[in-house]
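Quick notes on the structure that follows.
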Amino acid sequence: MRIGSHDVRRLRRVDLPETTVALSRFLIGKVVVRNLPEGMLAGRIVETEAYIQGDAACHAFNGMTPRNRSLYLERGHAYVYLAYGTSWMLNVSSLPAGEGEGVLIRALEPMAGSTLMALHRGTEKPRDLLRGPGRVAQAFKIDRALDGVDLMRDRRLWLGFEPSARAPEIGVSTRIGLTKDAHRPLRFYLKNSHFLSGPRSLNR
């Protein structure tokens, strides 16, 4: 499929690594696509965070609840939740059905639909459209209605890749904005990207 000037193909579940940390790294450089009545939006993933079992910061730490049940879906489904009562967050479930781990999509590089993203975000600064998970959700109009969708099959929100893309150079750091298990090196990012969130000290 042509998205702007990019050739993007849909990922299949078989393409996804079977561990959360591996998936978090794998998703760097992949593409999030959002179809809206007003048009198509697309962004290249430049920053992720892994949330694993035994991790006090993972929403599955205390077991399944009505809020987090999508985190327990087979890998490749969307888990969307409201953080701090203000910002929606897009996550990708990462394990077999019944096991709760996931990858937070923290930042994207705009690829297509920037005008529409700017309208949703209330800013025209390219660097500020998708830099941070709350901004990603706002720009792409992602909310609880998309919680649980199959990102390998759904038309409204899906994950893709560019066949001609080169392997990304990936950096690793601790995660951002946590008070529990904040020391874990489970944040992954595209080195030298201008669209990363967080302090410069974490983006070297």
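Summary table
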{"read-out": "Extension gain, D154 back to E38 (0.36 nm per residue minus Cα-Cα distance, nm)", "value": "40.0 nm"}
{"read-out": "DSSP loop GluC sites (Glu not before Pro) with at most 15 other Cβ within 10 Å excluded, longest remaining stretch of the chain", "value": "39-123"}
{"read-out": "The chain - Kirkwood radius from inverse mean 1/r over Cα pairs (Å)", "value": "16.7 Å"}
{"read-out": "Segment 9-141 - accessible surface per residue (Å², probe 1.4 Å)", "value": "41 Å²"}
{"read-out": "Ranking by accessible area, most exposed first, for F161, F188 with a 1.4 Å probe", "value": "F161, F188"}
{"read-out": "Kirkwood Rh (inverse of mean 1/r, distinct Cα pairs), segment 66-145, angstrom", "value": "13.1 Å"}
{"read-out": "Radius ratio Rg over Rh of segment 92-138, counting only Cα atoms, Kirkwood formula for Rh", "value": "1.15"}
{"read-out": "DSSP-assigned coil residues among chymotrypsin sites (Phe, Trp or Tyr not before Pro) in segment 23-100, each with at most 13 further Cβ atoms within 10 Å", "value": "Y84"}
{"read-out": "Cα-based shape type of segment 117-204, given that a ≥ b ≥ c are square roots of the gyration tensor eigenvalues and the cut on a/c is 1.5", "value": "rounded"}
{"read-out": "Rg to Rh quotient for segment 1-84, alpha carbon positions, Kirkwood Rh", "value": "1.00"}
{"read-out": "For the chain: relative contact order, % (alpha-carbon pairs under 8 angstrom, 6 or more apart)", "value": "26 percent"}
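The values are calculated or read from the model by the stated rules, or taken from the named source; none is laboratory data. No experiment lies behind these values; they were computed from the predicted model shown. Here the Cβ is made from the backbone with ideal geometry for all residues, glycine too, and neighbour counts use every protein chain on show. Side chains included, ligands, DNA and RNA excluded: accessible areas come from the protein's heavy atoms. Shrake-Rupley method; radii C 1.70, N 1.55, O 1.52, S 1.80 Å.
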